[in-house]
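The structure appears below as structure tokens.
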Amino acid sequence: MNEITLLEGIRTLRAVREFTDEPVSDEQIATMLDLAACAPSGGNRQPWHFVVIRDPATRRAIRDHYLEVFRRYRQDVLRQAAEGHPAAQAQVARWERSGSPDAFAENLDRIPVLILVCLDRQRLGFGSADPAEPLPPTAWASIYPAVQNLLLAAHGLGLGAVLTTLHMPHEREVQALLGIPPTSIPPRWCRSAIRGGSTGRRAASRRPSARTASAGAPADSGLPGVGAGLP
Ligand SMILES: Cc1cc2nc3c(=O)[nH]c(=O)nc-3n(C[C@H](O)[C@H](O)[C@H](O)COP(=O)(O)O)c2cc1C
């Protein structure tokens, strides 16, 4: 495969919802996770944990949650389009062009790897510790740069990917399925630089992905509770 430049990669990154059976290697996943973790975050708190899901039964359970919400979401978009909302109309037109708008949701379990990106409230250190309490918008701003890096890294490796959020009304069920604690606490932290993350310049100071990713539930971080505020 030809290498893609950074600028070209940013320009050509697209949501990919069609997948082949080609396997995704552990090495490719490790590269994606390393690059995702180069992202900036408020106070460099790095409040992310990546759960790599390959287990077919877990993928099916997540598909079921996703599909249920997608069907409701689809009805909402169709209603908005019927009411004359231009962006909803454009979305419906795209669905119609793609032929089978439900196919992605129905086949979500056939995607070989799902990566669940968790926001660790304790590591972030602001907002309430209560998972029922909504987080301030700036909290979410500390996770989506890592998600974008993950998508760009997949693209750079020639892998298709799409960011999805429709499972989120079933967040509690997905957490329970994977055994993730409500604050999605990662392993004990370690501030070491990851190597090779930038082109000839100093690599960003980030926790290594061995600490920020797991195939199952993250271990307890042992961090103090929230409320410390960002430095
Ligand atoms: C916050 C956010 C949530 C999204 N949630 C979903 C989702 O649940 N399912 C999905 O298929 N795509 C989802 N997407 C992907 C968008 O639909 C996609 O990025 C957008 O339509 C642009 O597509 P394009 O890159 O192919 O032009 C989400 C994107 C963002 C930024």
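The values are calculated or read from the model by the stated rules, or taken from the named source; none is laboratory data. It should be emphasised that the depicted structure is a prediction, and the values quoted were computed from it without experimental measurement. Glycine gets a Cβ as well: all are built from the backbone with ideal geometry, and neighbour counts include every protein chain shown.
Scanning region 54-70 for residues that are touching a residue at least 24 places away in the same chain (Cβ under 8 Å) and either within 16 Å of the ligand (Cβ to nearest atom) or among the hydroxyl-bearing types (Ser, Thr, Tyr) (or both) returns 58, 59, 62, 63, 65, 66, 67, 68, 69, 70. Counting the residues of region 82-127 that are under 30 Å from residue 40 (Cβ atoms), among the charged types (D, E, K, R) and assigned to a loop (DSSP other than H, G, I, E, B) gives 1.
Conditions tested, residue by residue: (1) closer than 24 Å to residue 58 by Cβ; (2) buried (at least 16 other Cβ atoms within 10 Å of the Cβ).
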| site | (1), (2) |
| --- | --- |
| 125 | no, yes |
| 139 | no, yes |
| 148 | no, no |
| 162 | yes, no |
| 172 | yes, no |
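Restricting attention to region 25-37, the residues that are hydroxyl-bearing (Ser, Thr, Tyr) and without any contact (Cβ under 8 Å) to a residue 24 or more places away in the chain add up to 1. Restricted to region 138-231, the set of helices (runs of 4 or more DSSP H) holding at least 2 residues that are modelled with pLDDT of 85 or more comprises 144-156, 171-178. Listed by first and then second residue, the pairs linking a residue in region 89-103 that is closer than 15 Å to residue 75 by Cα to a residue that is crowded, with 16+ Cβ neighbours inside 10 Å and hydroxyl-bearing (Ser, Thr, Tyr), with Cβ atoms under 9 Å apart and 6 or more places separating them unless they lie on different chains, form an empty list.
Among residues of region 90-101 being within 14 Å of the ligand (Cβ to nearest atom) and more than 12 Å from residue 18 (Cα to Cα), the one that is surrounded by the fewest Cβ atoms within 10 Å (Cβ to Cβ) is 97. Sub-8 Å Cβ pairs linking a first residue in region 1-24 that is over 10 Å from residue 160 (Cβ atoms) and modelled with pLDDT of 90 or more to a second residue that is in a loop (DSSP other than H, G, I, E, B) and more than 12 Å from the ligand (Cβ to nearest atom), at least 6 apart or interchain, are 12/4; 24/112; 24/113; 24/159, ordered by first then second residue. Could you look through region 71-89, keep only residues that are of a type in the set (Gly, Ala, Ser) and more than 13 Å from the ligand (Cβ to nearest atom), and pick out the one that is farthest from residue 177 (Cα to Cα)? Filtering region 71-89 for residues that are of a type in the set (Gly, Ala, Ser) and more than 13 Å from the ligand (Cβ to nearest atom), the one farthest from residue 177 (Cα to Cα) comes out as 84.
Do we find a residue being within 19 Å of residue 163 (Cβ to Cβ) and either within 15 Å of the ligand (Cβ to nearest atom) or among the aromatic types (Phe, Trp, Tyr) (or both) anywhere in region 25-34? No, that holds for no residue.
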